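Encoded as structure tokens, the structure appears first; notes follow it.
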Amino acid sequence: MKTKAKPKLAVWKFSSCDGCQLSILDCEDELLAVAGAVHIANFPEASRAVVKGPYDISLVEGSITTPHDAERIHSIRRQSKLLISIGACATAGGIQALKNFSNVKEFVSIVYATPEYIHTLSKSTPISDHVKIDFELRGCPVDKYQLVEVLNAFLNGRKPNTPHYSVCIECKRRGIVCRMVGHEQICLGPVTQAGCNALCPSYDRGCFGCFGPKETPNTSSLAEFWSKKGMGKRDLIRTFRGINAYAKEFRLESESHE
Amino acid sequence: MKTSEQSLSNAVTIERKNFDALFASLIKREYQIVGPTQRDGAIIYDIVKSSNDLPEGWAEEQNAGTMRLKRRNDKALFGFNSTVQSWKKFIHPPSQRLWQTKQSSGKPAIIPEKSKKQKLAFLGVRACDLAAMGILDKVFTDSPFTDTGYRIRRSDILVIGVNCTQAGGTCFCASMNTGPAISSGYDIVMTEIVEKSRHYFVVEKGSKVGEEIIKELPSAEANVYEIEGAEELVNKTSSAMGRKIDTTNIKELLSRNSENQRWQQNAQRCLTCGNCTMVCPTCFCTTIEDVTDLTGREANRMRKWDSCFTMDFSYIHGGSIRPSVYSRYRQWLTHKFAAWHDQFGTSGCVGCGRCITWCPVGIDVTEEITAIRMSDKNNPSITLSKENK
Ligand code: SF4
Ligand code: SF4
Ligand code: SF4
């Protein structure tokens, strides 16, 4: 087999903490293999060198929060054969989407000395609200194994193994004692998509919902269960309004308790 | 069922202070011992090295959707009931590689996975879990297709059963005819008896190896009082069991109630999280994941526990055929309690109660089945009571 030209990979950043990009760097063992398999053409967190587009794969981190972002994402889409949004910000608006539930103008006038300089949209929105995306990889941050898996799948022309079922399935495969049943903790695992390999439950904490709503999440049942156990509306709202606050099912659930 | 006379000729007693001789004998025979141990606020099965590792003086309080450990007022070693997960994980692992393929030059080579024989002694197997192992044996080895890996992993497992002398909060083995007394499939079976001034085990052999092991232990021939005392404790357990299911014609009941509105009501609560299937000692479904490396020259075929509560489970061309919550819960329950009879000639449920305890929102199969029976249009007792009015 003739060696083909390596696919060009670009990594882009919007409103985010860079945590997802760092997950790529965190793939220590796999990074060399990744670097061997693709030509890293643009990756600000790793190198300043930029190779011009078009790109075969663009990984997009961060949410759209400014008018400038909203334009820039279109130009990235135009230069990318495949566009994969990575992380809770890019797939659901991120923690900064908490502003979507309030009046941003008020914040801006309180926080900044010169509010006129602040050009922010009223909502923090996922990439998919602006351009067509080819794949969404969830997580806050994304799981490095899943990230490599997704790249891997696209490079090899196969479907990525990124299941949409609950965190509980991973939790039970690992033999972790359920945080809800065994410890009466709040755990979003039953309504959250797997992918982290039940990270928090393995450290004795309930799931925070970093990977967003799972397939067919029955959030209202879980909320009702907790409210019967004495959880107040305020806490219910806060539980569902976290890192994936603006993901549809979590948003609707938190709003229903307002 | 064994009669007292039969037991009389076999049974011995072993004092608690001599119990570690059992460990010594197993270790000498090169068994790795797996038994109950206390961890993360629960009782789980793991490698145990001596009676120090056993959950001495602990019991669990279980109810739908909740489990707490509590101290007993004695030092029983097996004073609890069903553990977080069953023995399934040892004979049907949550994740395993089936085969691998590698390509260096030319044609890719297929490298089959060699399942390892494991010499394990399962210490403290409950009647329900032993019945569940029997069901898994049937599913994996007693059909036109044999799961070789399962057969190999299962082939050298020594079973030391423990009869239950109390029922857990969610147990209903008596309804499923699997417990609390162990009746077959064991190498050794014990009943633990804790009295004010004496703590001992009534022990019986169930196989040749079991017999040889027992012979090595400091023991005394059990007398009729000890044997009958042990039996009485187990019998009491059966009658004091909190939960039950009426299994009369359950297959027909569930089959004719596929549109019962109870399924819809339950769907309001069910999270389709899959916990019930994961903890069930007989749920055996798996999914396959093919994982390639970045160069595409190496691939692994992995098999992982799956659940009928996932959308992918019933995914065929065009989508999942069980997209609704109620269709997935109904699938699980009717397969387990009805269709299993046609498929494997046995119920799929052994009444261990784990699905009830470990359901995060406490959905209870016994309650669901009872509700379906009560709202069954063909239920004779309901028709009668209506006529009486
Ligand atoms: S700890 Fe959370 S994620 Fe794990 S099984 Fe329990 S509810 Fe599910
Ligand atoms: S269905 Fe529930 S009670 Fe029956 S064997 Fe499975 S986990 Fe145990
Ligand atoms: S019955 Fe309970 S454990 Fe089973 S899928 Fe539904 S919510 Fe989860």
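The condition of being modelled with pLDDT under 95 and within 16 Å of ligand 3 (Cβ to nearest atom) holds for only one of B:R243, B:R269, B:R262, that being B:R243.
Restrict the check to region B:310-321 and report whether at least one residue is part of a helix (DSSP H, G or I), within 25 Å of the chain's Cα centre (by Cα) and farther than 23 Å from B:P94 by Cβ. No, every residue in region B:310-321 fails to be part of a helix (DSSP H, G or I), within 25 Å of the chain's Cα centre (by Cα) and farther than 23 Å from B:P94 by Cβ. Tell me, yes or no, whether region B:266-282 has at least one residue that is surrounded by fewer than 22 Cβ atoms within 10 Å (Cβ to Cβ), of a type in the set (A, V, I, L, M) and under 23 Å from the mean Cα position of the chain (by Cα). Within region B:266-282, not a single residue is surrounded by fewer than 22 Cβ atoms within 10 Å (Cβ to Cβ), of a type in the set (A, V, I, L, M) and under 23 Å from the mean Cα position of the chain (by Cα). In region B:149-221, counting only strands (runs of 3 or more DSSP E) that sit wholly within it, none holds 2 or more residues that are surrounded by fewer than 17 Cβ atoms within 10 Å (Cβ to Cβ).
Meeting the requirement of 3 or more residues that are more than 14 Å from chain B (Cβ to nearest Cβ), the helices (runs of 4 or more DSSP H) wholly within region A:92-192 are A:104-111.
Rundown of residues vs (1) at positive phi; (2) touching a helix residue (DSSP H, G or I) at 6+ places or on another chain (Cβ under 9 Å); (3) open to solvent by less than 50 Å² (accessible area, probe 1.4 Å), yes/no style:
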position: A:V142; (1), (2), (3): no, yes, yes
position: A:Y145; (1), (2), (3): no, yes, no
position: A:N156; (1), (2), (3): no, no, no
position: A:P160; (1), (2), (3): no, yes, yes
position: A:R179; (1), (2), (3): no, yes, yes
position: A:Q193; (1), (2), (3): no, yes, yes
position: A:C196; (1), (2), (3): no, yes, yes
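In region B:311-338, the residues that are within 16 Å of ligand 1 (Cβ to nearest atom) form no Cβ pair under 7 Å with any partner that is at pLDDT below 95 and acidic (D, E), whether six or more places apart or across chains.
Looking at region B:33-54, which of its residues are open to solvent by 50 Å² or more (accessible area, probe 1.4 Å) and in a strand (DSSP E or B)? If the condition is that a residue be open to solvent by 50 Å² or more (accessible area, probe 1.4 Å) and in a strand (DSSP E or B), then B:Q38, B:R39, B:I47 are the ones that fit. Among the residues of region B:55-88, the ones that are in a strand (DSSP E or B), open to solvent by less than 40 Å² (accessible area, probe 1.4 Å) and within 17 Å of B:M241 (Cβ to Cβ) come to 3 in all.
The single condition among (1) under 25 Å from the mean Cα position of the chain (by Cα); (2) within 16 Å of ligand 3 (Cβ to nearest atom); (3) part of a helix (DSSP H, G or I) that A:C207 does not meet is (3). Selection of helices (runs of 4 or more DSSP H) fully inside region B:331-374 by the criterion of at least 3 residues being within 14 Å of another protein chain (Cβ to nearest Cβ) and under 28 Å from A:E224 (Cβ atoms) returns B:354-357.
On inspection, B:F309 qualifies as of a type in the set (A, V, I, L, M, F, W, C), within 14 Å of ligand 3 (Cβ to nearest atom) and modelled with pLDDT of 95 or more.
Scanning region A:14-42 for residues that are within 19 Å of A:D56 (Cβ to Cβ) and open to solvent by 40 Å² or more (accessible area, probe 1.4 Å) returns A:E30, A:L31, A:A33, A:A35, A:G36, A:H39, A:I40.
Matching residues to (1) among the aliphatic types (A, V, I, L, M); (2) farther than 28 Å from A:N197 by Cβ:
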{"position": "A:I64", "(1), (2)": "yes, yes"}
{"position": "A:I73", "(1), (2)": "yes, yes"}
{"position": "A:I76", "(1), (2)": "yes, yes"}
{"position": "A:A97", "(1), (2)": "yes, no"}
{"position": "A:K105", "(1), (2)": "no, yes"}
{"position": "A:T114", "(1), (2)": "no, yes"}
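Of the residues in region B:322-329, at least one is facing chain A (nearest Cβ under 10 Å), open to solvent by 10 Å² or more (accessible area, probe 1.4 Å), at negative phi and β-branched (V, I, T).
Being within 14 Å of chain A (Cβ to nearest Cβ) and open to solvent by less than 10 Å² (accessible area, probe 1.4 Å) is a condition met by no residue of region B:21-30. Counting only residues that are assigned to a strand (DSSP E or B), away from ligand 3 (no atom under 16 Å from the Cβ) and either hydrophobic (A, V, I, L, M, F, W, C) or facing chain A (nearest Cβ under 7 Å) (or both), region B:291-306 holds 5 of them. All of (1) in contact with a strand residue (DSSP E or B) (Cβ under 9 Å, 6 or more places away or on another chain); (2) open to solvent by 40 Å² or more (accessible area, probe 1.4 Å) hold for B:G318 with one exception: (1).
The values are calculated or read from the model by the stated rules, or taken from the named source; none is laboratory data. Predicted model only: the values in this text are computed from it and were never measured. Backbone-built Cβ (ideal geometry, glycine too); neighbour counts: all protein chains shown. In case anyone asks, the SASA skips ligands and DNA or RNA and just uses the protein heavy atoms, side chains included. Shrake-Rupley method; radii C 1.70, N 1.55, O 1.52, S 1.80 Å.
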